[in-house]
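Worksheet: one structure, shown below.
The values are calculated or read from the model by the stated rules, or taken from the named source; none is laboratory data. As the structure is a computational prediction, the values presented were derived from the model and not from experiment. All Cβ positions, even for glycine, are placed from backbone atoms using ideal geometry, and neighbour counts span all protein chains on display.
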């Protein structure tokens, strides 16, 4: 933070030519003070840039002074050359190679120099640093043949896909497990689960992990194990590795054990923020309404701990008279009621000018919320951590309404990620962060990432999933010993080892017992009846660790899966899933749980069923069962072929389902082009649907 005296002067509204001269003089004298930090230098310039239009009104020529300071601070994206040769040279040195009109700031230039020389880099930097821009510049300048990029969420995956497709049309962008590599140049982009689902990809020229702190194994999280498996697979076989993540104090890399990895830590940020502690502190809806009501059409993100918290906040705001709706929003809200559920709280919130984004909102609708927010159709977007992890918004204000993430207190990484969403280059130099509770406590940020410490000790479940070529001789020996000691076939362990060897053994032994007692309950084909699906779910429910998505029992899973696979529409499924009466919670809760099940059906529920199928084939014989129809309809929500992928691309599932007869089920690109042509020509789509697609397919 810069000195309060200087801050007050810069933000003063008492301006005249003399006052502007005094402010710029004071700022320049602070620059000559050797006690300042680089971060303070940058903040001074950013705050001057924010006020520059006012300064220029009162004192012509202010711009030249501020831009000279911008050059000294390394803020070349904001810098305008004066015609001076040294200025022009410095400006060109910071040009991002291969990216038209893009310039690095000083921090980016330093890291890019390392990357462009071929070094493996672990970068710790603020959210607003622009870490992924370095990936774009690296691809543009070095033109790697193959890139694997791991992102933490599907929401971020789609944002990155659109950007990469625009920047690199000569590359094949692969985001789905079913996509074949057809181009000599390709980028595989996905979450760790989706990339692992593809099996062994060739060793890439460039391997990237976004948000490397999620490699931390201390949580025991299944996703962290999957991410570490990917890192183990490629850290020594990819030509170059780039791991990027938030600011941390402790170096996660043992440079003696891993001299091939360069760690860079910086606090450089091209935007800054004002931190406002809300009084009285606490998660209070009256205070939330008061703060939001005080903004005049300023884009504001409100962080909530969970979908339930976001839902409650939307109801509380509406009850207190928050009304910033429009005809456009009313039109979309009515379509949501008709095509999902008439009582969906998101529709009511949208009518009042409130967007909602969390993990239970269907992907196309979640993307619609972001687009409505970025295009200023709505001012307020209530969100959970699913939006915070990398998705770019045009937020000027970030309100941290809750101090928890689900049931746990906000950790430092998530807290800083949320704060980093305030302000955005070229939109808002300065963001505002409103804290409704005290700051997240400063805790140790020591990350447990053995592979960056040079550790050769890998868990058994990781060993069995890695190819021998990626292992040391000692680990190859251990792997052979593990495989010899378990009855579970190697092929199953290689694909599903992350669930734990002992856990997989329990499921396998249960199937052997059924075979020995001539019990054929698992030997079914097609969609399966309720009891047949239940027989599979019973085997894994209490044994394997996977995200149950609010499903409380194997019986409930079988019921909901049966309804989804046989429903003619998403609305029909949600209606069936919410027909159980008050004993399953109020209607808002039941609707949320129905959407949560839909999210689980995409992946979390699929792998356990696949495990049982592979084990049944091993014990009873190949072809003894065939769950592929059930798995396909469950994961695709009943949409034909591969058309479910269109939902990630921004086409809501009800539209896909209704247009299915006009589309090519096995060709996603062609189907998307058909829908785009329908939207452009006004055919087969209602006015509201064309409106929705104008946002989501933009």
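Taking the stretch 20-37 as the range and being in contact with a helix residue (DSSP H, G or I) (Cβ under 8 Å, 6 or more places away or on another chain) and under 20 Å from residue 429 (Cβ atoms) as the test, the residues that pass are 20, 23, 24, 26, 27, 28, 30, 31, 36. On the stretch given as the stretch 512-534, residues that are surrounded by fewer than 20 Cβ atoms within 10 Å (Cβ to Cβ) and either over 21 Å from residue 578 (Cβ atoms) or in contact with a strand residue (DSSP E or B) (Cβ under 9 Å, 6 or more places away or on another chain) (or both) total 16. Strands (runs of 3 or more DSSP E) fully within the stretch 204-297 that include at least 2 residues being in contact with a helix residue (DSSP H, G or I) (Cβ under 8 Å, 6 or more places away or on another chain) and surrounded by fewer than 19 Cβ atoms within 10 Å (Cβ to Cβ): 261-265. For the stretch 100-116, indicate whether the set of residues that are free of Cβ contacts under 8 Å to residues at least 24 places away in the same chain and within 22 Å of residue 163 (Cα to Cα) is non-empty. Yes, the stretch 100-116 contains at least one residue that is free of Cβ contacts under 8 Å to residues at least 24 places away in the same chain and within 22 Å of residue 163 (Cα to Cα).
Does residue 108 qualify as being under 22 Å from residue 264 (Cα atoms) and either crowded, with 20+ Cβ neighbours inside 10 Å or not assigned by TED's automatic domain parsing to the domain that holds residue 168 (or both)?
Yes, satisfied.
Taking the stated definitions as given, is residue 327 loosely packed, with under 15 Cβ neighbours inside 10 Å and within 29 Å of residue 570 (Cα to Cα)? When the stated conditions are applied, residue 327 passes them. Listed conditions (1) touching a residue at least 24 places away in the same chain (Cβ under 8 Å); (2) within 23 Å of residue 431 (Cα to Cα) are all met by residue 12, apart from (1). Pairs meeting the criteria (first residue in the stretch 219-246 and under 20 Å from residue 495 (Cβ atoms) and not assigned by TED's automatic domain parsing to the domain that holds residue 500, second residue modelled with pLDDT of 90 or more and in a loop (DSSP other than H, G, I, E, B), beta carbons under 8 Å, at least 6 apart or on different chains) are 222/545; 222/546; 222/547; 229/465; 234/203; 234/204; 237/203. Considering the stretch 48-99 alone, what residues qualify as being farther than 24 Å from residue 26 by Cα, out of contact with any helix residue (DSSP H, G or I) (no Cβ under 8 Å at 6 or more places or on another chain) and surrounded by fewer than 16 Cβ atoms within 10 Å (Cβ to Cβ)? Within the stretch 48-99, 83, 84, 85, 86, 88, 89, 92 meet the criteria.
Can we say residue 20 is in contact with a strand residue (DSSP E or B) (Cβ under 8 Å, 6 or more places away or on another chain), modelled with pLDDT of 85 or more and surrounded by 20 or more Cβ atoms within 10 Å (Cβ to Cβ)? It is false that residue 20 is in contact with a strand residue (DSSP E or B) (Cβ under 8 Å, 6 or more places away or on another chain), modelled with pLDDT of 85 or more and surrounded by 20 or more Cβ atoms within 10 Å (Cβ to Cβ).
How about the stretch 140-160: which of its residues are part of a helix (DSSP H, G or I) and under 28 Å from residue 647 (Cα atoms)?
We begin by selecting, within the stretch 140-160, every residue part of a helix (DSSP H, G or I); these are 140-142, 154-160.
If the condition is that a residue be part of a helix (DSSP H, G or I) and under 28 Å from residue 647 (Cα atoms), then 154, 155, 156, 157, 158, 159, 160 are the ones that fit.
Helices (runs of 4 or more DSSP H) wholly in the stretch 53-131 with at least 3 residues that are under 26 Å from the mean Cα position of the chain (by Cα) and under 29 Å from residue 432 (Cβ atoms) - which ones?
Working: elements: 62-73, 85-93, 106-116.
Helices (runs of 4 or more DSSP H) meeting the threshold: 106-116.
Considering each of 559, 546 in turn, give the residue that is modelled with pLDDT of 95 or more and not assigned by TED's automatic domain parsing to the domain that holds residue 235. Quick ask: steps written out before the conclusion?
Working: 546 fails: modelled with pLDDT of 95 or more.
Answer to the selection: 559.
I'm trying to understand the selection: among the residues of the stretch 443-470, which are part of a loop (DSSP other than H, G, I, E, B), within 19 Å of residue 226 (Cβ to Cβ) and at pLDDT below 85? Matches in the stretch 443-470: 447, 448, 455, 457, 458. Determine which member of the set 317, 336, 372 is closer than 21 Å to residue 592 by Cα, within 25 Å of the chain's Cα centre (by Cα) and touching a residue at least 12 places away in the same chain (Cβ under 8 Å). The conditions single out 336. Of the residues making up the stretch 161-182, those that are in a loop (DSSP other than H, G, I, E, B) and farther than 18 Å from residue 643 by Cβ are 168, 169, 170, 171, 181, 182.
Can you tell me which residue among 62, 86 is in contact (Cβ under 8 Å) with a residue 12 or more places away in the chain and over 21 Å from residue 269 (Cα atoms)?
Values: 86 fails: in contact (Cβ under 8 Å) with a residue 12 or more places away in the chain.
From the options 62, 86, the qualifying one is 62.
In the stretch 302-320, the qualifying residues are those that are in contact with a helix residue (DSSP H, G or I) (Cβ under 8 Å, 6 or more places away or on another chain) and part of a loop (DSSP other than H, G, I, E, B), and the one that is surrounded by the fewest Cβ atoms within 10 Å (Cβ to Cβ) is 320. Selection of first residues in the stretch 585-605 that are without any contact (Cβ under 8 Å) to a residue 12 or more places away in the chain and of second residues that are assigned to a helix (DSSP H, G or I), restricted to Cβ pairs under 9 Å at least 6 apart or on distinct chains, gives the following pairs, ordered by first then second residue: 585/592; 585/593. For the stretch 654-677, residues that are in a helix (DSSP H, G or I) and either more than 23 Å from residue 337 (Cα to Cα) or in the same structural domain as residue 180 (by TED's automatic domain parsing) (or both) total 11. Taking the condition part of a helix (DSSP H, G or I), more than 26 Å from the chain's Cα centre (by Cα) and within 30 Å of residue 248 (Cβ to Cβ), does residue 45 pass? So residue 45 passes the test.
The requirement of being surrounded by 18 or more Cβ atoms within 10 Å (Cβ to Cβ) and in a helix (DSSP H, G or I) is satisfied by residue 608. Hey, can you tell me all the residues within the stretch 26-38 that are assigned to a helix (DSSP H, G or I) and either at pLDDT 90 or above or surrounded by 13 or more Cβ atoms within 10 Å (Cβ to Cβ) (or both)? Correct list: 26, 27, 28, 30, 31, 38.
Just wondering, is there one or more residues in the stretch 555-577 that are buried (at least 16 other Cβ atoms within 10 Å of the Cβ), over 24 Å from residue 612 (Cβ atoms), out of contact with any strand residue (DSSP E or B) (no Cβ under 6 Å at 6 or more places or on another chain) and without any contact (Cβ under 8 Å) to a residue 40 or more places away in the chain? Looking through the stretch 555-577, at least one residue is buried (at least 16 other Cβ atoms within 10 Å of the Cβ), over 24 Å from residue 612 (Cβ atoms), out of contact with any strand residue (DSSP E or B) (no Cβ under 6 Å at 6 or more places or on another chain) and without any contact (Cβ under 8 Å) to a residue 40 or more places away in the chain.
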